[in-house]
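Beneath this line is the structure, given in structure tokens, with notes to follow.
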Amino acid sequence: MVNMQELTIRRPDDWHLHLRDGAILASVLPFTARRFARAVVMPNLTPPVTTTAAALAYRERIRAALPAGADFTPLMTLYLTDSTAREEIDRAAASGAVIGCKLYPAGATTHSAAGVTDVRRLDAVFERMSERSLTLQVHGEVVDPATDIFDREALFIEQVLAPLVERHPRLHVVFEHVTTRAAVEYVCGARPGVAATVTPQHLLLNRNALFQGGIRPHLYCLPVLKREADREALRAVVAAGNPRFFLGTDSAPHARHLKEAACGCAGIFSAHAGIELYAEVFEQLGALGRLEDFAAHFGADFYGLPRNAGTLTLEKRSWSPPAAYPLSPGELVPLRAGESVAWAVRG
Ligand code: NCD
Ligand code: ZN
């Protein structure tokens, strides 16, 4: 039942999340586990999670870090490299714990140095993924430093993604954290089996926010925020309830001192308000009735997983994220730090 003050939805899932490891994992995991029943956990640790054995061990560390009584299932991914073997795909599928493999073009983003230099080298791996029903999660930016950073996603579609999707007609592909009108148009027109995740920041902000009164390192992520016309395209497609577009926060914690630096890290931490910020967006769009589909239905349906059983209630109640959350070492500046968020999770 939708009204302006309260909204109960099926428990949502986060289809793109960075949890890190060790002390950071322990600090950030409770925020996600409180809101989301499942999350697709990105494999860009150092060293990256390139094997099923490493993914299973990482899953155990995540489970061990869960707060008592938490009901949360991590869905694991493997990090593809130039030397990923087909047998590793078989092991991943047989494990039942790995939902897909992440393609990072080498050098595209945080901890992507071990990523793929030429996707064609992995065609046999993609074929095996198709056979074993593992999804390919794609960071969609070209890495040529001569390409304007605002054009890297659009160029990636043309040069890499569209040909890959056509070469592997049965492969399930998620174009992660789409940021541009070009990406929206591509995904809308692509063959069945192609979908996209959308972050809160790319729905809420355009690139002006990076320079609002001075440089804003905590709003720097990759792919970088784009222009207003791109944000409008993202907002229109989620408001329309297109099932190819679903929730993936891309919450990516970095300690404050690593972001407030001469060369600051890319990544925005949003798990503390991981569903609330989307509620704001859908309310602004007059589409609160579609939040549940976006957050709790479309992703599960795309991945062929059951929808969650429980519910989550959101209330229209303004609250203020703190200036920082403790992290050891350092601290973590969350999205909207010291400002306000219009919706809150009940309980
Ligand atoms: C992510 C990270 O910090 O791991 N950073 C980001 O800006 N989104 C990596 C990624 O998803 O690109
Ligand atoms: Zn990410």
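Using a simple spin-label model with points 7 Å from Cα along the Cα→Cβ vector, what separation in nm is obtained for D148 and D123?
3.3
Express the relative contact order of the chain as a whole percentage, based on alpha carbon pairs under 8 Å and six or more residues apart in sequence.
19
Can you tell me which aspartates and glutamates have their Cα less than 15 Å from the Cα of K316? Leave out same-chain residues fewer than eight positions away.
E6, E276, E280, E283
Out of residues 5 or more away from E6 or on other chains, whose amide H comes under 5 Å of its own, with H placed 1.01 Å from N in the peptide plane?
Residues meeting the amide H criterion: K316.
Skipping prolines and chain starts, which residues have an amide H placed within reach, meaning under 5 Å, of the one on T135, given they are 5 or more residues away or on another chain?
The answer is G100, C101.
How large is ³J(HN,Hα) for each residue in region 277-288, as worked out from phi by the Karplus curve 6.51 cos²θ - 1.76 cosθ + 1.60 (θ = phi - 60°), to whole Hz, x for Gly and Pro?
With the stated coefficients, region 277-288 comes to 5, 5, 4, 4, 4, 5, 5, 4, 8, x, 10, 3 Hz.
Test of understanding: in a Gaussian network model of the chain with alpha carbons linked when under 10 Å, which of A106, A296, A261 would top the mean-square fluctuation ranking?
Largest GNM mean-square fluctuation: A261.
Counting only the backbone N, which residues of region 305-347 are under 12 Å from the spot 7 Å out from the Cα of Q212 toward its beta-carbon?
Zone members listed by number: 335-341.
Write down the percent of antiparallel bridges among all DSSP beta bridges whose residues are both part of region 11-312, to the nearest 5.
So the antiparallel bridges in region 11-312 amount to around 0 percent.
Output wanted: per-residue J couplings in Hz (rounded whole) for region 294-308, from phi through Karplus 6.51 cos²θ - 1.76 cosθ + 1.60, θ = phi - 60°, x for Gly and Pro.
Result, rounded to whole Hz: 5, 8, 10, 10, 5, x, 4, 5, 4, 7, x, 9, x, 5, 5.
Taking amide H positions as placed in the peptide plane 1.01 Å from N, state which residues far from T50 in sequence (5 or more) or on other chains have amide H under 5 Å from it.
Answer set, sorted by chain and number: Y79.
Calculate, for the chain, the solvent-accessible area per residue in square angstrom, rolling a 1.4 angstrom probe over the heavy atoms of the protein chains.
Ligands and nucleic acids excluded, the result is 38 Å² per residue.
The values are calculated or read from the model by the stated rules, or taken from the named source; none is laboratory data. Given the structure is predicted, the values throughout are model-derived calculations rather than measurements. Here Cβ is always computed from backbone atoms with ideal geometry, including for glycine, and neighbour counts include all displayed protein chains. Surface areas here come from the heavy atoms of the whole protein model, side chains and all, with no ligands, DNA or RNA. Shrake-Rupley method; radii C 1.70, N 1.55, O 1.52, S 1.80 Å.
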